[in-house]
1. Considering only Cα-Cα distances, which of the following residue pairs are longer than 23 Å: B:LYS219/B:LYS512; B:LYS235/B:LYS404; A:LYS80/A:LYS219; A:LYS159/A:LYS184; A:LYS441/B:LYS259?
2. Roll a 1.4 Å probe over the protein heavy atoms and report the accessible area of B:SER120 in Å², nearest 10.
3. At 222 nm, what value in deg cm²/dmol follows for the protein assembly as shown if DSSP H runs of at least 4 each add -39500 (n - 2.57) and the sum is divided by all its residues, to the nearest 500?
4. Express in Å², to the nearest 10, the accessible area of A:HIS442 obtained by rolling a 1.4 Å probe over the protein heavy atoms while all chains stay in place.
5. So what is the relative contact order for chain B, in percent, with contacts set as C-alpha pairs under 8 Å and at least six apart?
6. Gain in length, A:ASP520 to A:ALA230, computed as 0.36 nm per residue apart minus the alpha-carbon separation, to one decimal in nm?
7. Rounded to the nearest 0.05, what FRET efficiency do B:ALA502 and B:ALA52 have when you use their Cβ-Cβ distance and R0 = 41 Å?
8. Is the shape of the stretch A:479-523 best called rounded, prolate or oblate, per the rule: a/c under 1.5 gives rounded, else a/b larger than b/c gives prolate, else oblate, with a ≥ b ≥ c the square roots of the Cα gyration tensor eigenvalues?
Number of protein chains: 2
Amino acid sequence: MSDPAVDTTRGSRRPSGRDAKRAARTARAASTIAYITRKIPYYEVLTEEGLALIEHNADTILEEIGLEFRDDPESIEVLKKGGAEVQGERVRFPRGLCRHIIQASAPREFTQHARNPARSVVIGGKNTVFAPAYGSPFIRNIEDGRRYARIEDFRNFVKLTYMAPSLHHSGGTICEPVDLPVNKRHLDMVYSHIKYSDKPFMGSVTAPERAADSVEMAKITFGPDFIDPATGRPKTVLINLINVNSPMTYDATMLGALKVYARANQACIVTPFILAGAMSPVTVAGTATQTLAEALAGLALIQMLNPGAPMVLGSFASSISMQSGAPTFGTPEPALVLYAMAALARRLGVPFRSGGSLCASKIADAQAAFESAQTLLPTCLAGVNFVLHTAGWLEGGLSMGYEKFVMDVDQAGMMHTLLAGVDLSENGQAMSAIRDVGPGKHFLGCAHTQANFESAFYRSPIADNNSYEQWEADGAQDLNQRANSSWKKQLAEYMPPPIDPAVDEALLAFMKKKKDAVPDSNV
Amino acid sequence: MSDPAVDTTRGSRRPSGRDAKRAARTARAASTIAYITRKIPYYEVLTEEGLALIEHNADTILEEIGLEFRDDPESIEVLKKGGAEVQGERVRFPRGLCRHIIQASAPREFTQHARNPARSVVIGGKNTVFAPAYGSPFIRNIEDGRRYARIEDFRNFVKLTYMAPSLHHSGGTICEPVDLPVNKRHLDMVYSHIKYSDKPFMGSVTAPERAADSVEMAKITFGPDFIDPATGRPKTVLINLINVNSPMTYDATMLGALKVYARANQACIVTPFILAGAMSPVTVAGTATQTLAEALAGLALIQMLNPGAPMVLGSFASSISMQSGAPTFGTPEPALVLYAMAALARRLGVPFRSGGSLCASKIADAQAAFESAQTLLPTCLAGVNFVLHTAGWLEGGLSMGYEKFVMDVDQAGMMHTLLAGVDLSENGQAMSAIRDVGPGKHFLGCAHTQANFESAFYRSPIADNNSYEQWEADGAQDLNQRANSSWKKQLAEYMPPPIDPAVDEALLAFMKKKKDAVPDSNV
């Protein structure tokens, strides 16, 4: 992996000295931190007693109501052998069984390896990993408005994510490349993550064979490094989103992907996908209870399949408008669910996924920003370990916004500073500055300010803090317009990470073989 | 105070049945809660040890560097008698003196009485009071863009605040009525708060005689109720913003107002106004330390003047752009200062003021929303007791936005739900709903959902959660446009609270006397 690949996507403009400086700065920033390790406390909304009550009720759901595992006799068989009580597709779990099985073998944290080892992330513990949004069929930007996403958009977002110092992970289905056939597009998505980035990424979950293709491509990419010499087991190089069909149902598609990944020692995020009021009760406690019960069952299944397999407890919980039934985001109830679920995951002892920069707004306006901030800040304070949907999310996930992406990346950058906490060193205490300056003077020129000039405050690349007059002279732009300039500039400046040409060729050959084997299909 | 005054500001349109329903709903909502009592924990970023270190350093500032009290020999004399060491205008305080004096007599919480007793607020403890923004010379709305504020704008914002169920307090100089002379406009501002609202409000601080006028008008309004029969002292009916000229300087204007209010048993908010990097060190710990030292000195002065006088420790701390020196808002460092200061105020044992919906953005765009949310949510989690600038703030406080106001009121409403925490009652646990529905069904129609339909989730009156197609059919509006419709509709529907005509006449007579006594002046 030492020869830089020829970048056919890059413009022919010659880089200037300013470009070089910017590139150096970007590289420096991007290489500074592979993931966040928090230095501030968790925020929790429930007492020990409240959390125990929810755990008790979750066990009641598992014991009395049970979950359905549909169209997958193999999973049912595994669950039965693991101690569950099976009646047809209904599976009930004796009180405490799932927790016991999980705690006996599940890792509290694990490393997801990137093809660039400096980009590997540790998921769990005090760590937070930011990944872009996932799954939207549309994109939006100022030029095009809203339209179906294409593979070119997918590549663009992989590149923008690669360049974003505040995103640690390349994500998965950043947007659906609707111009490619459904049964083959996973190959191009996985390839794009490998080719245009060197950050860790996600595999396909839409069919078991696509999950298997993702594992194969990871094997090609990592070569002999795929197997951990210490354990003889595959390294975890993929993380994968397994959504529960809430309420209380697992379907064959997701179970199929779960089995492939669990057996290959790749990480699964088991996520009850809940719009409270539709897929769960309208209350915070009820939604958290059901989320926990659903997740416990899937997580236990993974440990039954492969004890010690890495996995993440996921929670995607928002609410609905009681008038229209439409999903709402950034409201207070989902934030309360998030705080509760993060604490419950810590008690269980598995990494936690939730949050992001969620919003219902169709455009990157004030509604989008309010809703996103009201999701991302709780995400960080609660202690989410793997943050999907950190950047780009619009319209309840239906649309991936180019400008929104840039805004969210900026907010994620601020979260790095927040999570670093308060510096109480002698320099942080700054008593020398206060002594130097004294009453009625200003601190701008003092030695302490000069010494801390570079690192003093988080610097937003897109916020406008100029005078009103300067802002007007600059065209009275809103944040959307400045973000538009930013992503276009970034794409023009993109330089790909190096990749071993032999690996690249092998990946392309694998994809060709798979694509030639079956006709295109949109199922 | 039983006869409703004739409302000359109201349109002649006859109210419809729908209007009546809305009015009833508004009234119900507005009367539900006079202020918030939190049910969720505080969020703190520093340990006991860290907080003690900042307290120690603050005492070092007070002891070794001292503060300047400029052009006010009387205050200097009071401080000297209270135990401070005076050299000219420089005042130093023996270690621990300020804290000792404050803790000996300052109330941990106090009631600010409103002319409608149902609107009285308790400031301090677990309570949070939301007030609108304060002090901007400009207003902004979609129709006018940005222009100087007028008394009509001031009245509009008093009315909108009165109608906002999530704002508990009418505030003070919501915007500067620049069309009125500087030396008389305080009369019209105080009168507007009394006439067009019945929520508690703030007095003038721009000159001691204007503070005295504010107290006089309060006396007229409360009549014999102004004196608390239990104590023989005046009730606290005004709260007033005393800004420290950071770093480490009190000026005669603010000291003049402070003395008037402290002696009249009216509440002072002593607020170091700090843009870190200019008025304090560039670090979080340094800024918190200096804020604490400055506030301690002013708070101690108040207790020396009138032991037991109600007061609030204030912190207004933001940072600056290290490139331009311009103030920035909604960045992570001020949030860290806020969390630290809230904890320090609790340790001191006085109510705390900070936060709001601050932003640097000139317009109510995504930047404004991100920055405001990144201030308001920390404000609520930290446990701020009196929140100035909750609604309307734009452009670092230079502009009061009509549309921004509506957006911020909505966000403040969400904070009510957040601060109410998680309902763990049997209804909150919702196990009956989960049992009723079971795997694979939906919760929309179940008995539990129906029973909780009205109160289930916070309902934003301005967020758009409709389908993309519906949103397009509705004109593809952004939040700014929907907020514009909202404030115009509200002003059209405004109905004033009743006021005793004799009180109204007395207030008008007092104002006329004061206005006639001196010529207009803009100093």
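The values are calculated or read from the model by the stated rules, or taken from the named source; none is laboratory data. What you are looking at is a predicted structure, and each value in this text was computed from that prediction instead of being measured. Quick reminder, even Gly has a Cβ in these numbers, built from the backbone with ideal geometry, and neighbours come from all protein chains shown. Note: areas computed on protein heavy atoms with side chains; ligands, DNA, RNA excluded. Shrake-Rupley method; radii C 1.70, N 1.55, O 1.52, S 1.80 Å.
1. The answer is B:LYS235/B:LYS404; A:LYS80/A:LYS219; A:LYS441/B:LYS259.
2. 20 Å²
3. -13500 deg cm²/dmol
4. So the heavy atoms of A:HIS442 present about 110 Å² to solvent.
5. 20 percent
6. Difference between extended and current length: 100.3 nm.
7. That gives a FRET efficiency of 0.15.
8. Oblate, because a/c is 1.5 or more while a/b does not exceed b/c.
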